[in-house]
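The structure appears below as structure tokens.
The values are calculated or read from the model by the stated rules, or taken from the named source; none is laboratory data. This structure is a prediction, so every number in the text was calculated from the model and none was measured. Cβ atoms come from the backbone with ideal geometry, glycine included; neighbour counts cover every protein chain shown. We work out accessible area using only protein heavy atoms, side chains counted, and drop any ligands, DNA or RNA first. Shrake-Rupley method; radii C 1.70, N 1.55, O 1.52, S 1.80 Å.
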Amino acid sequence: MRPRLIGMSASVAAFGLLGSLVTACDALGSGGSTLRLVAPEYGDSPATSSKAYWDELTTAFSTAHPGTEVEVTLYPWADVDREVTRMVQKGDAPDIALMGAYSDFAAQGRLYAAGDVLPISEEANFLPPLAEAGSIDGTLYGLPFVASSRLLFYNEELFDKAGAKPPKTWSELKAAAKALKKEGVLYPYALPLGPEEAHAEALIWELSNGGGYTDSSDGYSIASRQNAQTFRWIKDNLVAPGLTGPVPPAELDRQEAFAAFLRGDVGMLNGYPSLLAEARKKGMKVGTLTMPVSDTLSDGKTPPSVGVADWMMAFKHDGNRQRVGSFLDFVYEDKNLNDFAGRYHLLPSTVSATEASRGSATDPSTEQFLTALRTAQLYPVNDPSWLQVSNIIKRNIGKAVAPSADPNAVLEDIAQQVRAIAHQE
């Protein structure tokens, strides 16, 4: 998932800690050996670097299992997928990687299945929508680590000034945006369809009209009738009347939209837990809603929210299965998983950690994100082509709402590129 403002969502600028090694003595077995973990940097400054978490975790692991060295290499989110791919291509894959995709490595036969490295009870402990997204042909390869779901955020103070009402339908969203614009709000509805994470915003809108990236047979349906209707409506009802702000949606990245929201310049946008935590830290009054639905959607139909997860994967090397399994078993203990999720205002990936976090949650809104995650739809990350497909979507989907664009033609062009990828495989 291409992160994020914090954690699940912002590509992090290098600040001197990235690429550093965190080491700890561990170990199972005689003589000792080294486990290598490659992970992304979830923090946005030295003070929030995830190096501190891995330092503490590996130290605790070494205390419980004296003997094997654990090395953790951190990369920015913008680089981690590429770096792991480079390592694999060189024949130097790490033992464990944490990143945004896993299925291409699974398709190459390079990964242990969850059942090879975790007890059955732990494999069954992952939240169902995450386990489904992490599975290929019923076998779990991508171990969900932390997750988030998306909800519509609205600035309550701006809504009060504009006399706007929290929307439940697209027409109500448009009415609220018009009232906000009349009040002088810079971005009545922030629509980040820039290349940073356009595929998330696009999927949120597609689902709210009964569409999505895949059909009932799990094939890509980029240019479906529902999706074409969705982008036509966005273009005609939000972009053309100037309700999406001064920056063209195709040029507005998610991080820029989030920064504008925190400045008080945005009336509505889709966000996740870490943004809500940042906004409330600044004293903002923020309301949250499920995404408003198309006025033509069947009565009573509730589309799923969008869910996003980051994936642990265990690479096969001679003699490393037991040590990898013991380390992953430690990582997925409730207290360790909740420690990481809590630091970055994300959601834990297991049933037991979710239950354990409820009693200690200081933000009651966390429950709303957890509820959304239980029935969320995730990207089709279990398709080995998804990494390439998502890049095509990110680079092109914003064109569908450009002033001179035909949304259907843009979607058909994207679909054609996707079909070409599928043909190569």
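Counting only helices (runs of 4 or more DSSP H) that sit completely within the stretch 352-425, those holding 2 or more residues that are open to solvent by 30 Å² or more (accessible area, probe 1.4 Å), over 30 Å from ASP137 (Cβ atoms) and at pLDDT 95 or above correspond to 407-424.
With the stretch 106-182 as the region, which helices (runs of 4 or more DSSP H) entirely inside it contain at least 2 residues that are over 30 Å from LYS335 (Cα atoms) and of a type in the set (D, E, K, R)? Correct list: 156-162, 170-182.
Can you tell me which residue within the stretch 328-347, out of those that are modelled with pLDDT under 95 and touching a Leu at 6+ places or on another chain (Cβ under 7 Å), is surrounded by the most Cβ atoms within 10 Å (Cβ to Cβ)? Selected residue: LEU347. Checked against (1) open to solvent by less than 20 Å² (accessible area, probe 1.4 Å); (2) part of a helix (DSSP H, G or I); (3) modelled with pLDDT under 95, VAL88 meets all criteria but (3). The sole residue among GLU206, GLU122 that is over 25 Å from MET87 (Cβ atoms) and surrounded by fewer than 24 Cβ atoms within 10 Å (Cβ to Cβ) is GLU122.
Per-residue answers, yes or no, for (1) under 26 Å from TRP77 (Cβ atoms); (2) in contact with a helix residue (DSSP H, G or I) (Cβ under 6 Å, 6 or more places away or on another chain); (3) not polar (S, T, N, Q):
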site: ASN270; (1), (2), (3): yes, yes, no
site: LEU276; (1), (2), (3): yes, no, yes
site: LYS285; (1), (2), (3): no, yes, yes
site: LEU289; (1), (2), (3): no, no, yes
site: THR296; (1), (2), (3): no, no, no
site: VAL308; (1), (2), (3): yes, no, yes
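Selection of the stretch 68-84 for residues being open to solvent by less than 40 Å² (accessible area, probe 1.4 Å), part of a strand (DSSP E or B) and out of contact with any Phe, Trp or Tyr (no Cβ under 6 Å at 6 or more places or on another chain) yields VAL70, THR73, LEU74.
Kindly indicate whether ASP318 is in a helix (DSSP H, G or I) and not small (Gly, Ala, Ser). No: the conditions fail for ASP318. Checked against the criterion of being in a helix (DSSP H, G or I) and either among the hydroxyl-bearing types (Ser, Thr, Tyr) or over 15 Å from ALA402 (Cα atoms) (or both), the stretch 207-218 has at least one qualifying residue.
One residue alone among ALA114, ALA133 is out of contact with any Ser or Thr (no Cβ under 7 Å at 6 or more places or on another chain) and under 17 Å from LEU337 (Cβ atoms), and that residue is ALA114.
For (1) touching a residue at least 24 places away in the same chain (Cβ under 8 Å); (2) surrounded by 17 or more Cβ atoms within 10 Å (Cβ to Cβ), each residue gets a yes or a no:
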residue	(1), (2)
GLY163	no, no
LEU173	yes, yes
ALA176	yes, yes
PRO192	yes, yes
GLY211	no, yes
ALA228	yes, yes
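On inspection, THR58 passes the criterion of being at pLDDT below 95, more than 20 Å from the chain's Cα centre (by Cα), under 21 Å from ASP329 (Cβ atoms) and not acidic (Asp, Glu). Filtered by the rule that a residue be more than 14 Å from ALA402 (Cα to Cα) and either of a type in the set (Lys, Arg) or surrounded by 23 or more Cβ atoms within 10 Å (Cβ to Cβ) (or both), the stretch 231-268 gives ARG254, ALA257, PHE258, PHE261, ARG263, VAL266, GLY267, MET268.
Inside the stretch 54-67, residues that are free of Cβ contacts under 8 Å to residues at least 60 places away in the same chain, in contact with an Asp or Glu (Cβ under 8 Å, 6 or more places away or on another chain) and open to solvent by less than 10 Å² (accessible area, probe 1.4 Å) make up a count of 1. Exactly one residue out of LYS165, LYS161, LYS178 is in contact with a helix residue (DSSP H, G or I) (Cβ under 7 Å, 6 or more places away or on another chain) and modelled with pLDDT of 95 or more: that is LYS165. Note on the stretch 91-101: among residues that are modelled with pLDDT of 95 or more and under 22 Å from LEU378 (Cα atoms), the one that is surrounded by the fewest Cβ atoms within 10 Å (Cβ to Cβ) is LEU98.
The single residue among SER216, SER224 that is under 28 Å from ALA133 (Cβ atoms), among the polar types (S, T, N, Q) and crowded, with 18+ Cβ neighbours inside 10 Å turns out to be SER224. Figure legend. Inter-residue proximity from the stretch 288-306: first residues in a loop (DSSP other than H, G, I, E, B), second residues open to solvent by 80 Å² or more (accessible area, probe 1.4 Å) and of a type in the set (Lys, Arg), beta-carbon distance below 6 Å, spacing 6+ or different chains. Indicated pairs: PRO292/LYS168. Farther than 19 Å from GLU83 by Cα, modelled with pLDDT of 50 or more and either in a helix (DSSP H, G or I) or touching a Phe, Trp or Tyr at 6+ places or on another chain (Cβ under 9 Å) (or both): is that true of ALA24 in this structure? So ALA24 does not fit the description; no. Looking across the stretch 284-311, just one residue is of a type in the set (Asp, Glu), touching a strand residue (DSSP E or B) at 6+ places or on another chain (Cβ under 6 Å) and open to solvent by 30 Å² or more (accessible area, probe 1.4 Å), and that is ASP295.
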